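Asks: Let me begin by handing over the structure; questions about it come next.
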Amino acid sequence: MEATTLKFLDELLRSGRAHDEDEPDHDRQYRNVERAGAELLHLLVSGRPPGPILEIGTSNGYSGIWLADAAGEGGEVVSVDDDKGRSAEAAKNLAEVGLADRVRLVVADAGAFLRDQPDGAWDLIFLDADRSAYAAYWPDLRRVLAGDGLIAVDNCTSHAEQVAEFRAVVDADRDVESVLTPVGAGVLLIAHRR
Ligand SMILES: C[S@@+](CC[C@H](N)C(=O)[O-])C[C@H]1O[C@@H](n2cnc3c(N)ncnc32)[C@H](O)[C@@H]1O
């Protein structure tokens, strides 16, 4: 990653955290992934053959910039958020670091978006939105994941109770395997069982 991009990301995270501390309304917070979680995503994406990447939960584009950088030239990232204002902030931040052409920002409800996706469409899915909806997303998440794809779910340690139902659904699915990494806020990795 270019030093200027990293500097921009560090400042975006710092200002986002400062904003969140002063913002009591949870929905108005940026809630960016932790730096270590973002580094894990970067490593996972840059170490895989190029393929379409889906992010559920754009916020101001912090994690989207990490994903886009890792995707490299010609990489394809789609990031979905149901908040038009946040998506516009992400567009501005992606443009600032010259990565706007690698990310297609979609303003939509994540559940509706997932329902519309073809089978096996996505090589990596980063799930970082409304945790109470994840269990309901599961049938579509596993359907739209490519055969050798990977799902990364943030906040599985920091908000363990909120993802408990989702984790139970995943654990009960014998066609996938998963591991909870203690990185950042706890990133759960899920892949089809081979
Ligand atoms: C934790 S933030 C995402 C942080 C971002 N991934 C990052 O690390 O920079 C969660 C985002 O999910 C969005 N969101 C919540 N519920 C959603 C839904 N049902 N469909 C789409 N986006 C949703 C919120 O608007 C918010 O911007």
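The values are calculated or read from the model by the stated rules, or taken from the named source; none is laboratory data. Predicted model, so just to flag it, every value in this text is computed and none were measured. Quick reminder, even Gly has a Cβ in these numbers, built from the backbone with ideal geometry, and neighbours come from all protein chains shown.
Asks: Mind counting the residues in segment 112-127 that are near the ligand (Cβ under 9 Å from one of its atoms) and either surrounded by fewer than 18 Cβ atoms within 10 Å (Cβ to Cβ) or assigned to a loop (DSSP other than H, G, I, E, B) (or both)?
Replies: 1
Residues checked against (1) assigned to a helix (DSSP H, G or I); (2) touching a residue at least 40 places away in the same chain (Cβ under 8 Å):
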| residue | (1), (2) |
| --- | --- |
| Met1 | no, yes |
| Leu6 | yes, no |
| Glu11 | yes, no |
| Ser15 | yes, no |
| Asp20 | yes, no |
| Ala38 | yes, yes |
| Leu54 | no, yes |
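Asks: Kindly establish whether Glu96 is touching a residue at least 24 places away in the same chain (Cβ under 8 Å) and buried (at least 18 other Cβ atoms within 10 Å of the Cβ).
Replies: no
Asks: Can I ask one more? Looking only at residues in segment 38-78 that are at pLDDT below 95 and charged (D, E, K, R), which one is farthest from the ligand (Cβ to nearest atom)?
Replies: Step by step, filter segment 38-78, then rank; the result is Glu73.
Asks: Let me ask another. How many residues, within segment 131-161, are free of Cβ contacts under 8 Å to residues at least 24 places away in the same chain and within 14 Å of the ligand (Cβ to nearest atom)?
Replies: Matching residues across segment 131-161 total 1.
Asks: Do we have Asp10 as acidic (Asp, Glu) and at pLDDT below 95 here?
Replies: Taking the combined requirement at face value, the residue does not satisfy it.
Asks: Exactly one condition in (1) more than 14 Å from the ligand (Cβ to nearest atom); (2) within 17 Å of the chain's Cα centre (by Cα) is not met by Ala18; state its number.
Replies: Of (1) more than 14 Å from the ligand (Cβ to nearest atom); (2) within 17 Å of the chain's Cα centre (by Cα), only one is false for Ala18: (2).
Asks: Filter segment 70-107 down to the residues that are in contact with a Ser or Thr (Cβ under 6 Å, 6 or more places away or on another chain), of a type outside the set (Val, Ile, Thr) and either part of a loop (DSSP other than H, G, I, E, B) or closer than 23 Å to Leu145 by Cβ (or both) and list them by number.
Replies: Ala70, Ser79, Asp81, Leu105
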